[in-house]
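In what follows, a structure is listed as structure tokens, so that the remarks can point back to it.
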Amino acid sequence: MRGLNSLSAVLLVSWSSPRMLEYPTLLVHGWARAAQVDGSLAWTRVITDSAGQPLGFGRFVGDPRGSWFSWLRQLGVEVHEAQDASDLMTLTRSWGIFRGWDVHDAEGRHVGSLNGKVVVTGENELIGYLDLQERRMVGPSNRCVANFAVKEDTRLELTFTEELPPNPFLRMLLLGCILTLDPNPPCT
């Protein structure tokens, strides 16, 4: 799926399907330029279920080109649900040298932060950490709450385990972790 077709397919998903964060497995596709509703082009990543059915998309916000002062720029990824392209969450790169990510829900409330491999809630409660070697996310009790894999076509697969409580905000944070593994689109 490329360009206008990928975003159009995302927007045509039926209202009867479950919401994105209710699926046990999400596939985050690679960056692609896609036409937006206003006719502009933007860098987007389609998010599908395990069968490839579009559930939503992430749109890059900011200038993907690096520079000497790029660490001063506000960068982010807006994540939208497929049904009506409504906001789901926003990932915003924090300012400064130690560049973590803040996650906000659709109403702009701070859900939590991704600081390197550590995931914390908006109240600074430890959720867990990202284990890159084992390709999993581990909760505070040292139990695996999600697994992730890089597919041969560069898609990232996120699978929530039964150890993860059915809390959409925790799932937002874990999806945010996956999105920040490859946060910048190519500079073309």
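Please find, within the stretch 150-164, the residue that is surrounded by the fewest Cβ atoms within 10 Å (Cβ to Cβ) out of those that are within 23 Å of G139 (Cα to Cα) and not hydrophobic (A, V, I, L, M, F, W, C).
This residue is E162.
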Practice prompt. Scan the stretch 165-172 and give yes if some residue there is polar (S, T, N, Q) and crowded, with 16+ Cβ neighbours inside 10 Å, otherwise no.
Written response: no
Item to complete: Please enumerate the residues belonging to the stretch 102-113 that are part of a strand (DSSP E or B) and either touching a Cys at 6+ places or on another chain (Cβ under 6 Å) or closer than 13 Å to P168 by Cβ (or both).
Response: V103, D105, V111, G112
Worksheet item: Does A35 qualify as being surrounded by 13 or more Cβ atoms within 10 Å (Cβ to Cβ) and hydrophobic (A, V, I, L, M, F, W, C)?
Response: yes
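Any read-out appearing in this document is the output of simple, stated calculations on the displayed coordinates, not a laboratory observation. As the structure is a computational prediction, the values presented were derived from the model and not from experiment. Glycine gets a Cβ as well: all are built from the backbone with ideal geometry, and neighbour counts include every protein chain shown.
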